[in-house]
Amino acid sequence: MIHLLRKTLPVLLLSVFSFPAFSQANYTISGYLKDAKDGESLIGATVIVEGTGNGAVSNTYGYYSITLAEGNYTLIVSYIGYQTQRKEVSLTSNQKLDFEMGLEGQELEEVVITSEALDENVNRIGMSVEKMDSRIIKKIPAFLGEADVVNSIKTLPGVSTVGEGASGFNVRGGGVGQNLVLLDEAVVYNSSHMLGFFSVFNPDAVKDLKLYKGGIPARYGGRISSILDIQMKEGNSKKLGVQGGVGTIFSRIAVEAPIVKDKSSFILAARRSYIDVLARPFVDVLSEGGALNFYDITGKVNYKFSDRDRIYLSGYIGRDNFKFDANQGFSWGNATATFRWNHLMSDRLFMNLSGIYADYDYELEFGEDESDKFQWKSRIRTLTVKPDFSWYLNSNNEISFGGELIRYDFNPADATTVSQNQETNISLDERFSYEGALYIGNKQKFGNRFSAEYGLRWSTFYYVGPGSVYEYGYAEPGKRRPVVGITEAESGEVVSSYNYFEPRIALRYRLSETSSVKASYNRMAQYIHLISNRTASIPLDVWQPSTNNITPQVGDQIALGYFQNFRNNEYEFSVEAYYKETQNQIEYIDGADLLINEFLEGDLLSGQGRAYGLEFLVRKVKGKLTGWASYTLAKTELKTEGINNFEWYPTRFDQRHNFKVTAIYTFNERWSLSSNFAFISGTPSTWPTDRYEVQGYLIPHNGNNTRNNLRIPAYHRLDVSVTLNGKKEKKGRPRKNQDYWVFGLYNVYGRQNPFSIYFTQGTDRPAAGTPIDSKGVQVAIIGSIVPAFSYNFKF
């Protein structure tokens, strides 16, 4: 089935991009939808033309456009949590209508927890998409009482992690490096603080996030597993606003205000952890120059030049520091900057032009003094230009098209060693490459029941000089390949190039007002690779481009789903089945040398993968009790020549069963209780099948050449938190500020969840002829209950 889609879908997509001409006068209603309180654009708000079945959904910048025949109409503007507005329109010419929407006053029994319209899961075309905003994120119990973006999406079906303390996340069997994480369109190469316990995204600065697990629109590319698209707030354009919090491990603050009211605004948010500050009087290492902290700063400013032009400038900088003393330790950090220009070329043609900078680097240093030390620095840096267009052709077709050009600069190792004052440079050459893409897509309605979103993306990649080009000879499968030749490429010389067509299609058929079936297919190409063969991704993993020896990864996924709402949209139910095939997956020979290895490519293998599963989700979105429960039944496997006797074997992040519950109960205006529970099958690991005994020492051995042959025990954990909101009035008058306390317990019953298991023998050497005592040791990152609190404020 997937093979047939690869061959036929590009031709089919090109054949359907034709539209009938109009035979009568048509006019366009367009404008922006914003929050009346702070001027923030509303993403995904709906404008419905009553009685016609026509309408529009606001884009990332709050813009909408509807083209209709001349006549009188009633517009219904709605967004979850906001008051619905009605507007009578006499359409005899193009009209610009902006709406500012006020928050809806809700009774306690009407508490709603969703960032979408209550029937959006049934009506939207796309499937395999999860959406959250900061309001929901802050309600979910979190480690040490701190709301977190990435940890929140791990409560959703199809999203997992290999354990506590693991950086990043896994989606539908994909690796951490197969997720494209975007912050205002800039790539974030490492999304974790503190080795995965927190993410780099400050929830006070986040407005909206979408996670695409499948059915990915044509405008996205570059990774084969998922897209996490995070949009920052624009800043309050009405008045000064300050919010923040003081917690167990870090504090945060965000300031937003108008520069010119209703025309220009900014937001600036910052966080800093202080474990090392509090512990310094009691821990000698910290008092001798050691450090254990992270910080990040997020900012954005925008300016409206005219009704047709607005610019945005946003940025992020953050860093983690783990220092054992003044001279030893490691650190890592991201930096991004995004410049965007919105321009209305006409009432029906919206353009956004982006210039984007992204940088990720890490540093590692050991040594007692300048005469005996080791230093290693590595980084990846990208520059991107990206024009995107939205053409609101008519009430049934919304066409998107654009392109992307990325320059990559890889510096895998800037490293030196010093021994007895003799310095040796062991650095590796920088590597350079370019990635480009063009795309076109369309959202089309075929009557009231059937809708489709389809598109085609063409991507290309060039690996260029200057630098050394390596040629490797043949080796027995699974063994290190020898270098047979090294040549030098000139600056700009093309060493190798690749290109792929990437068709995308998503279909929705509405069975009734409360149910629908959906299907999707997408092909994705990935040209850069995260090199890691550890239990979990760590900050010291290296990114590498596709080269003459490393082929791009390609993934094809099909999915089918059923969606149903119950009891006046109070309950949502969905089930999705997916099947994914991947080509050219990176694998590693046994004993691969990945760090500062000039001949790394000789230790890499190329395999094929498959992942398939069922995802169930039940969500209660209204009432005192809200939340969701999800269950995923899945299998993820690889097949690589030279590994596991060339038979299928589970990946390191394969999890057969994944059951999660998030529940929130609101007692009254001041008190609410939240809880999380997760049960996840143990992940696979490669364990020895037998052993040798040599001179009193045990040597483990895998006699069957198996990979990931056994699993560690299952993971399960319960978290709870209580939120106490501050009083709304003081001495009979409304308070100007809002505040609340969060008291949380992480790992309530103190489960020692295994992260990994290793084998060891006793320290005493046994007498000759007696058996050697050995045992397995289970490593748990957190093995006890963790209490926490935080105080949060807003004014």
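The values are calculated or read from the model by the stated rules, or taken from the named source; none is laboratory data. Worth saying up front: this structure is predicted, and the values here are computed from it rather than measured. Because the Cβ atoms are built from the backbone with ideal geometry, glycine has one as well, and the counts that use them run over all protein chains shown. Accessible surface is based on the protein model in full, side chains and every heavy atom, while ligands, DNA and RNA are left aside. Shrake-Rupley method; radii C 1.70, N 1.55, O 1.52, S 1.80 Å.
Here the peptides 600-611, 215-226 are ranked by packing, the mean other Cβ count within 10 Å, and the order with the highest first is 215-226, 600-611. Extension gain for the segment E471 to L614, taken as residue separation times 0.36 nm less the Cα-Cα distance, is 47.2 nm to one decimal.
Let me have the 222 nm mean residue ellipticity of the chain computed from DSSP H runs of 4+ only, each contributing -39500 (n - 2.57), with the sum over all residues rounded to the nearest 500. List each step's numbers first, then the result.
Values: 6 runs with 37 residues, N = 795.
When only DSSP H runs of four or more count, the value is -1000 deg cm²/dmol.
Suppose R0 equals 22 Å. What FRET efficiency, 1/(1 + (r/R0)^6) with r the Cβ-Cβ distance, do I311 and V385 give to the nearest 0.05? It comes out at approximately 0.90. Distance between the C-alpha centres of segment 661-719 and segment 501-552: 25 Å, rounded to the whole angstrom. Nonpolar atom fraction for segment 585-692, defined as the carbon and sulfur part of the 1.4 Å probe accessible area, stands at 58 percent. Applying the Karplus relation 6.51 cos²θ - 1.76 cosθ + 1.60 with θ = phi - 60° to segment 232-242 yields 3J(HN,Hα) values of 7, 5, 8, x, 5, 8, 9, 7, 5, x, 10 Hz, where x marks Gly and Pro.
Let me have the relative contact order for segment 194-340, percent, based on Cα pairs under 8 Å that are six or more residues apart.
17
Within segment 15-105, DSSP assigns beta bridges of which about 85% are antiparallel (rounded to the nearest 5).
Take the Cα of S371, step 7 Å toward its Cβ, do the same at T424, and the gap between the two points is 1.9 nm. Couplings 3J(HN,Hα) of segment 88-95, computed from phi: 7, 10, 9, 9, 10, 7, 4, 10 Hz, in residue order, whole Hz [Karplus 6.51 cos²θ - 1.76 cosθ + 1.60, θ = phi - 60°; x for Gly and Pro]. Matching the structure-derived mean projected area of the Cα convex hull in nm² against the labelled list [x] 38.0; [y] 42.7; [z] 40.1 gives the label [x]. The long axis of helix 2-16 is offset from the longest Cα principal axis of the chain by roughly 30 degrees.
Each semi-axis of the equivalent ellipsoid for segment 334-439 is √(5λ) with λ an eigenvalue of the Cα gyration tensor; in descending order they amount to 48, 12, 8 Å. The lysines within cross-link reach of K304, meaning a Cα-to-Cα straight distance under 17 Å and a gap of 8 or more places when in the same chain, are K34, K96, K233, K238, K239, K261, K263.
Determine the relative contact order of the chain: mean sequence separation of Cα pairs under 8 Å and six or more apart, normalised by residue count, in whole percent. Mind dumping the intermediate values first?
Working: 2239 pairs, mean separation 83.7, N = 795.
The normalised contact order for the chain reaches 11 percent.
What the chain shows is 43 Å² of accessible area per residue, with the surface traced by a 1.4 Å probe over protein heavy atoms. Each principal axis of the Cα cloud of segment 15-105 was taken in turn, and the coordinate range along them, longest first, works out to 44, 33, 20 Å.
Can you figure out the FRET efficiency of S497 with K794, using R₀ = 51 Å and their beta-carbon distance, to the nearest 0.05?
Working: r = 52 Å, r/R0 = 1.02.
The computed FRET efficiency comes out at 0.45.
Surface composition of segment 15-105: carbon plus sulfur atoms hold 47% of the accessible area, using a 1.4 angstrom probe and ignoring ligands, DNA and RNA.
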